[in-house]
1. Between a residue in segment 299-314 that is within 15 Å of Val234 (Cα to Cα) and any residue that is open to solvent by 60 Å² or more (accessible area, probe 1.4 Å) and outside any helix (DSSP H, G or I), which pairs come within a Cβ distance under 6 Å, given they are 6 or more apart or on different chains?
2. How many residues are in contact with a helix residue (DSSP H, G or I) (Cβ under 9 Å, 6 or more places away or on another chain) and under 24 Å from Lys126 (Cα atoms) when one looks only at segment 58-93?
3. Tell me whether segment 335-353 contains one or more residues that are aromatic (Phe, Trp, Tyr) and touching a residue at least 40 places away in the same chain (Cβ under 8 Å).
4. Looking for something out of contact with any Gly (no Cβ under 9 Å at 6 or more places or on another chain) and within 18 Å of Ile78 (Cα to Cα) - is there at least one such residue anywhere in segment 346-361?
5. Regarding segment 36-58, can at least one residue be identified that is open to solvent by less than 20 Å² (accessible area, probe 1.4 Å) and closer than 14 Å to Tyr159 by Cα?
6. Taking segment 376-392 as the region of interest, how many residues are open to solvent by less than 30 Å² (accessible area, probe 1.4 Å) and in contact with a helix residue (DSSP H, G or I) (Cβ under 7 Å, 6 or more places away or on another chain)?
7. Looking at (1) assigned to a loop (DSSP other than H, G, I, E, B); (2) of a type in the set (A, V, I, L, M); (3) open to solvent by less than 40 Å² (accessible area, probe 1.4 Å), which one does Leu99 not meet, given that it meets all the others?
8. Can you find even one residue in segment 249-272 that is part of a helix (DSSP H, G or I), touching a residue at least 60 places away in the same chain (Cβ under 8 Å), in the same structural domain as Ile316 (by the TED database) and closer than 23 Å to Phe455 by Cα?
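The values are calculated or read from the model by the stated rules, or taken from the named source; none is laboratory data. Everything numeric here is computed off the predicted structure, so don't read it as measured data. Cβ atoms come from the backbone with ideal geometry, glycine included; neighbour counts cover every protein chain shown. Protein only, heavy atoms only, side chains kept; ligands, DNA and RNA dropped before computing areas. Shrake-Rupley method; radii C 1.70, N 1.55, O 1.52, S 1.80 Å.
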Amino acid sequence: APSPTTAVPYMSVKCIDVRKNHHKTKWLMPWGPNHCEKLKDFDEAVSRQIEANDIVFAVHIPLPSKEMSPWFQFMLFIMQLDIAFKMDNDLKENAEITLDVSLAYRDNMFDDWEEIAHAIEIRKLKCTFGSPKTLESEGRHYDCDFLPFMEIGSVAHKYYLINIRLPVNERKGINVGIGEIKDIRLVGIHQNGGFTKVWFAMKTFLTPSILIIMVWYWRRITLMTRAPVLLEKVIFALGISMTFINIPVEWFSIGFDWTWMLLFGDIRQGIFYAMLLSFWIIFCGEHMMDQNERNRLSGYWKQVGPIAVGSFCLFIFDMCERGVQLKNPFYSIWTTEVGTELAMAFIIVAGICLCLYFLFLCFMVFQVFRNISGKQSSLPAMSKARRLHYEGLIFRFKFLMLITLACAAMTVIFFIVSQVTEGHWKWGDITIQVNSAFFTGIYGMWNLYVFALMFLYAPSHKNYGEDQSNGDLGVNSGEELQLTTTITHVDGPTEVYKLARKEAQE
């Protein structure tokens, strides 16, 4: 697959809005048959006595002779200001810039522009100046951080137009002390159409495969005379959450202008994360022998509770950013001091909690390994056939536990990296290049893991009874019965589970 996203740089064109009443429904085009009257630079504006309030920065998306496509899925825009140093117009400390922004669309070159959104936004300028502020340095540019500008959750139209005004009001102190702005540049980031097609194809192929194994798995459990145990229910719930994230509802985004798809995708992924993290805790706990409180969800509230609280907090955080963007695409939580600190704190705390969770999971897996190894000491007393059978079971179980740890490690890395890449345009200095193989690989890994769990943990229809093992070498039948005969209510999905259960009962 091609790389997931493409970044396209745009340079705004300075248009003159000569009308006296600045009405936001009038759209200024940077090029084409109905293009606006342009300014080369602000020196020309000064010589022609054109005020700052009469200048509009216009950006047409995409570039000439191209068009946007619904396959691009979303558009994210970052703004960069070119600010020059001037002795009499210096950039104030903690300066804020006020933007009067409008966004419009059309589907062919001859239609009128239709407005999507209009907002007055304030952005904090974070700029540094490398040289001493003397007359010799006049004209040199400040080094300014990128500013979050806009995010749209669907690309339903072919052409978009952004008009930006910088209204000046000295009495109210609006756009005063922001230095001499020379140009406004935008960077547009959208998903690659090629990557979208590969992603959709994966989802379309994986949905039926997980659905089929889920139906087969649950049918196997209902054929049993006993009720399903906790572990079986949790594996089934994991299968449901995997199916929920798999269902390719994104196909509808090609035909409909569903701007909420990004938020919906985040919610689906959040549910799956919460289910997967809870499952790993219960999976390890159910195979521990030093725990009598098993086969009850209430026994895991201390571990599963914080996961639920964390997921709910992430949901609230997402609603504060993407939820508000459904109404105002120019809104960003990163624009205010408090918002930036909250967002950074949220991501850092989530990363630390995930790392601690992973260490706790490693500790649980170590305990399970130690207990299973202790149980292996009783294997030499068995018949050869039964010993080989149990050795094979324990080897496969240990292998599955190691795969679980690897899957957990990759999931933690994926979560942290995806948070960093989502924020790296906003953070400025931290940049990580994540290619499509990482996204498709992790997604494929989750599906394979869930598929393998349901396949391995479906109750077996084979019966390793006394007739098969006791006839071999004539070993003490009491030992055999102890390992194979289980009480109905503690009967588990696998014999390794029963092994672990026995020890707890004893």
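1. Final answer for the pair search is Gly299/Glu293.
2. 4
3. no
4. No: segment 346-361 contains no residue that is out of contact with any Gly (no Cβ under 9 Å at 6 or more places or on another chain) and within 18 Å of Ile78 (Cα to Cα).
5. Yes; the residues of segment 36-58 include at least one that is open to solvent by less than 20 Å² (accessible area, probe 1.4 Å) and closer than 14 Å to Tyr159 by Cα.
6. 5
7. (1)
8. yes
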